[in-house]
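**Student:** I'd like to ask you about the structure that follows.
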Amino acid sequence: MLAKELVAASTVPLVLSVLTEGENYGYALIQRVRVLSEGKIEWTEGMLYPVLHWMEQAKLIESEWREAETGRKRKYYRLRREGRKALLEEKLQWLTVHETLSKLWKPSQPRLT
Amino acid sequence: METISAPFDLNQAIQQWREGLNGSPAFSPENLEELESHLRDSIAQLKQHGLAADEAFFIASRRMGSGAALGTEFGKINVSGIWLNRALWMLVGIQGLGFIKSLVSAVSLGAATLGIRPIVSLGSVSAMPLYTGLLCGLVHLLAFAAALAVGWKLLRRKGPGAAAWLRKAQTSSTRLTVLVVAFLLLILLSPAIQMGNVIFFRQLSPSNAGQFLLGINYGTMSASLLESAMLIVLTLVLARRQLFAKTGG
């Protein structure tokens, strides 16, 4: 299980990344993240929506109510250009953290030589 | 083992869950729509995995998060909604108070008029200001205190319920009509009483009319003083409660 702070910090990049696969609605978004993380990233589901609405206000994504195949209405979210830019920035930052940590955690092998 | 008497009604459970959230101004109707859609997706998925409807509902609503926690997070997004809601209640309060005041003064005037009739027919004028003043003032105070008590009781017993009812009135046309008609009738009530007073007043001789007016003024003056005192006490009581609620004491 991921620490609470890390879950909160990674919500926006995760949402942006899932939406690069195409538009999606809240429930399916959560399912996608659950499957990809093998259940290790677990959101309090309702908490995703304030984040989605904040991202919409920040013009990173846009939304539309549409009828789904079940006949019920669902709100679909889609990436906007600003969102793609924000994702690039997020990617750089997360990769920086990842690379730095990887370098620090690797040296066990070279030391043996 | 099972002692459940009534079969589980999924739609009713979802409706109740939604109404629980609806009491908070943090959620817009659209937010509720979206959360319900999510809950239904979640329940459908759990049922596919073989859970019974009631189990699926409880797990799905638990995964959704508690109403209080959700309200806090949604409140950060819907700040304007919360302030609009507060402004709405302030406006309702101001108009309600103004309306109660005008109704109370009309009722007390009416009571003074009705009470003074026998004296006028007896022809005794000297006791008129005192008598009218007492009558008018007492009725005024009693009516105002009663209005406050009823309002207090209503708000205490069903504060969130009343708020939810008002919120629904914005979308349901029958409720809106009921509200508007009730409001119009109430608005018409105090001019109607005052009209009766004017008719009575015009029948009085000038000296009687003068004494009558004098008495009314005595009564209204002392009653409004006490009325303000009551409002101040009420404000202090509420402020105390609020403070205790905040410190958790």
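**Student:** If you go through the range A:59-74 one residue at a time, how many are modelled with pLDDT of 90 or more, within 11 Å of chain B (Cβ to nearest Cβ) and assigned to a loop (DSSP other than H, G, I, E, B)?
**Tutor:** 0
**Student:** Just to be sure I understand, how many residues within the range A:22-40 are buried (at least 18 other Cβ atoms within 10 Å of the Cβ) and more than 24 Å from A:Glu82 (Cβ to Cβ)? Give the steps one after another, and end with the answer.
**Tutor:** Just the residues of the range A:22-40 that are buried (at least 18 other Cβ atoms within 10 Å of the Cβ), to begin with: A:24-27, A:29-30, A:33.
Retained after the next criterion (residues that are more than 24 Å from A:Glu82 (Cβ to Cβ)): A:27.
Summing the residues that are buried (at least 18 other Cβ atoms within 10 Å of the Cβ) and more than 24 Å from A:Glu82 (Cβ to Cβ) in the range A:22-40 gives 1.
**Student:** Now for a different question. All but one of (1) within 14 Å of another protein chain (Cβ to nearest Cβ); (2) at pLDDT 95 or above; (3) surrounded by fewer than 16 Cβ atoms within 10 Å (Cβ to Cβ) hold for A:Tyr77; state the number of the condition that does not hold.
**Tutor:** Condition (3) is where A:Tyr77 drops out.
**Student:** Of the residues B:Arg63, B:Arg40, which single one is closer than 18 Å to A:Gly26 by Cα, out of contact with any Asp or Glu (no Cβ under 9 Å at 6 or more places or on another chain) and of a type in the set (D, E, K, R)? Break it down stepwise before answering.
**Tutor:** Working: B:Arg63 fails: out of contact with any Asp or Glu (no Cβ under 9 Å at 6 or more places or on another chain).
Among B:Arg63, B:Arg40, only B:Arg40 is closer than 18 Å to A:Gly26 by Cα, out of contact with any Asp or Glu (no Cβ under 9 Å at 6 or more places or on another chain) and of a type in the set (D, E, K, R).
**Student:** Can you go through A:Leu52, A:Leu29 and tell me which one is of a type in the set (A, V, I, L, M), in contact with a Gly (Cβ under 7 Å, 6 or more places away or on another chain) and either within 11 Å of another protein chain (Cβ to nearest Cβ) or in a loop (DSSP other than H, G, I, E, B) (or both)?
**Tutor:** Values: A:Leu29 fails: in contact with a Gly (Cβ under 7 Å, 6 or more places away or on another chain).
Unique residue meeting the criteria: A:Leu52.
**Student:** Can you tell me how many residues in the range A:1-21 are in contact (Cβ under 8 Å) with a residue 40 or more places away in the chain, more than 15 Å from A:Trp94 (Cβ to Cβ) and surrounded by fewer than 19 Cβ atoms within 10 Å (Cβ to Cβ)?
**Tutor:** Of the residues in the range A:1-21, 1 are in contact (Cβ under 8 Å) with a residue 40 or more places away in the chain, more than 15 Å from A:Trp94 (Cβ to Cβ) and surrounded by fewer than 19 Cβ atoms within 10 Å (Cβ to Cβ).
**Student:** From the list B:Leu184, B:Leu214, B:Leu189, B:Leu234, pick out the single residue that is in a helix (DSSP H, G or I) and either without any contact (Cβ under 8 Å) to a residue 24 or more places away in the chain or loosely packed, with under 10 Cβ neighbours inside 10 Å (or both).
**Tutor:** On the way: B:Leu214 fails: either without any contact (Cβ under 8 Å) to a residue 24 or more places away in the chain or loosely packed, with under 10 Cβ neighbours inside 10 Å (or both); B:Leu189 fails: either without any contact (Cβ under 8 Å) to a residue 24 or more places away in the chain or loosely packed, with under 10 Cβ neighbours inside 10 Å (or both); B:Leu234 fails: either without any contact (Cβ under 8 Å) to a residue 24 or more places away in the chain or loosely packed, with under 10 Cβ neighbours inside 10 Å (or both).
On inspection, the qualifying residue turns out to be B:Leu184.
The values are calculated or read from the model by the stated rules, or taken from the named source; none is laboratory data. Since we're looking at a predicted model, the values are computed, not measured. Backbone-built Cβ (ideal geometry, glycine too); neighbour counts: all protein chains shown.
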